[in-house]
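Take a look at the structure below.
The values are calculated or read from the model by the stated rules, or taken from the named source; none is laboratory data. Since we're looking at a predicted model, the values are computed, not measured. For neighbour counting, all protein chains shown are included, and Cβ atoms are generated from backbone atoms with ideal geometry for every residue, glycine included. Accessible surface areas use protein heavy atoms only, side chains included; no ligands, DNA or RNA. Shrake-Rupley method; radii C 1.70, N 1.55, O 1.52, S 1.80 Å.
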Amino acid sequence: MSRTGAWSFATVGGRVRVAPDEIRIRRGVVDALRGVLRALAAGRFPRALRDVGWPGGGVVLALGSLVPNLLWDDVGAIGAGDLLVAGVGLLVAVGGVAVTLARERRVAIPLDAVDHVAFEEEELVVVYGGNGEGDDTRETLRPRDDDERADAAVALRLRGVDLRGVDGDDRVSRTVVDAPETELIA
């Protein structure tokens, strides 16, 4: 436990702190990019790409006027203004995605919003923010090793979080599994 009263454990993608009032998830840049790729693979449009917005549209329009000239080898017809609009649009669109990725590197989940934490095969799934009708949010964490998994179970149990799937988990201490629900430690 740290001086601020936060328990922590390491994950493959960063560090998680279980503070007295919230769970703070800090991810690395590579892990944030993996989240974008996972969302695309699952058929969802990632939040990071939503911020492309109008600048992305400007890039498409500017490139729409540049591509025909490049295809017909008429480079002389490309104006400096076209290149400037395309360049600035591209810069702003990439900047918007970078800002969103930076924002998504840190997530704070209030403990009173956490429904439960499911201990699945190699991952912990924090389920929060729902009203019981399937509109909850999930954060998937992968502890670095078995010791970190056990530390996560202890930290979450001490904060009074409902743990699911720890009963049959040999990597989690029996003390954590058999402990009655506790009150939040301030």
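So here's what we get for this one:
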| read-out | value |
| --- | --- |
| Which listed residue is open to solvent by less than 30 Å² (accessible area, probe 1.4 Å) and either modelled with pLDDT of 75 or more or within 30 Å of LEU156 (Cβ to Cβ) (or both), from PRO110, PRO46 | PRO46 |
| Any hit, segment 156-170, residues being open to solvent by 70 Å² or more (accessible area, probe 1.4 Å), charged (D, E, K, R), at pLDDT 85 or above and more than 21 Å from the chain's Cα centre (by Cα) | yes |
| Residue satisfying all of: in segment 113-144; in contact (Cβ under 8 Å) with a residue 60 or more places away in the chain and over 20 Å from VAL29 (Cα atoms); surrounded by the most Cβ atoms within 10 Å (Cβ to Cβ) among these | VAL126 |
| Unique residue being on the phi < 0 side of the Ramachandran plot, in contact with a Pro (Cβ under 8 Å, 6 or more places away or on another chain) and at pLDDT below 75 when the list is GLY35, GLY57, GLY81 | GLY35 |
